[in-house]
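Colleague: Below is one structure. I have some questions about it.
The values are calculated or read from the model by the stated rules, or taken from the named source; none is laboratory data. What you are looking at is a predicted structure, and each value in this text was computed from that prediction instead of being measured. Neighbour counts run over all protein chains shown; Cβ positions are idealised from the backbone, glycine included.
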Amino acid sequence: MISAYRLLAQKCDYPLHLGVTEAGTERMGLIKSAIGIGSLLCDGIGDTIRVSLTDEPIREIYAAKDILKAVGKRGGVRIVSCPTCGRTAIDLIGLAKRVEEALRGCEKDITVAVMGCAVNGIGEAGEADVGIAGGNGNAVIFKKGRMLRTVAESEALGELLKEIETL
Ligand code: SF4
């Protein structure tokens with residue numbers, strides 16, 4: 001697919017519609033689509049895209065939007081989050097998933113950080129417009145690397161969303 005489109009792009013200047021057919025179920029289908037569509041978009045090839053997954057059609061839309069965001073062709077919420085380590089004392093994986101889900105329909109062009117600890121997390125995610133860093137039973141809300149306040153872990157998502165509303 002990648003070779004065919006590269007060849008075609010050299011030979012004509014028609015608008016090109018990119019898609020990896022029969023890509024599979026969500027996980028592998030998204031990986032294949034991201035490689036196929038994403039690498040061509042990075043080469044400047046492609047005018048429209050379609051992600052095909054053996055899954056609910058809405059998941060194809062999410063996947064397409066995420067590929068466009070990942071290659072910088074579409075604004076929207078970009079979530080950065082750390083991989084967790086021995087310093088993580090909150091349910092960061094669960095929190096990152098809930099943040100992602102809560103911001104699914106948000107059209108703001110912002111970077112939101114979800115980090116495991118305040119010691120490294122706030123500095124590492126200094127470029128984020130807003131973020132959250134885990135503590136022990138609590139979490140720190142920060143903006144552009146600056147600490148705003150400490151909240152209880154149970155209130156962390158709500159407090160982060162409140163802060164995003166002000167952006
Ligand atoms: S931000 Fe903190 S918890 Fe996350 S990987 Fe870095 S040091 Fe570990």
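Colleague: Here is a list of conditions, (1) modelled with pLDDT under 95; (2) within 12 Å of the ligand (Cβ to nearest atom), and residue 113 meets all of them except one; can you say which number that is?
Modeller: Among (1) modelled with pLDDT under 95; (2) within 12 Å of the ligand (Cβ to nearest atom), residue 113 violates only (1).
Colleague: Next question, about the same structure. Give region 123-143 a look and list any residue that's in contact with a Gly (Cβ under 6 Å, 6 or more places away or on another chain) and within 11 Å of the ligand (Cβ to nearest atom), or say none.
Modeller: Within region 123-143, 125, 133, 134 qualify.
Colleague: Counting only residues that are under 13 Å from the mean Cα position of the chain (by Cα) and without any contact (Cβ under 8 Å) to a residue 12 or more places away in the chain, which one in region 97-152 is nearest to residue 87 (Cα to Cα)?
Modeller: 97
Colleague: Please state which one of 6, 27 is over 16 Å from residue 62 (Cα atoms) and either at pLDDT below 95 or assigned to a helix (DSSP H, G or I) (or both).
Modeller: Within the list 6, 27, the selection yields 6.
Colleague: Still on this model: Mind checking whether some residue in region 87-95 is in contact with a Ser or Thr (Cβ under 8 Å, 6 or more places away or on another chain) and at negative phi?
Modeller: Yes, region 87-95 contains a residue that is in contact with a Ser or Thr (Cβ under 8 Å, 6 or more places away or on another chain) and at negative phi.
Colleague: Counting only residues that are in a helix (DSSP H, G or I) and of a type in the set (D, E, K, R), which one in region 53-68 is nearest to the ligand (Cβ to nearest atom)?
Modeller: Taking the candidates together, the pick is 66.
Colleague: Just to verify a result, which residue in region 72-102, among those that are under 23 Å from residue 41 (Cβ atoms) and among the hydrophobic types (A, V, I, L, M, F, W, C), is nearest to the ligand (Cβ to nearest atom)?
Modeller: Applying the filter and picking the extreme gives 80.
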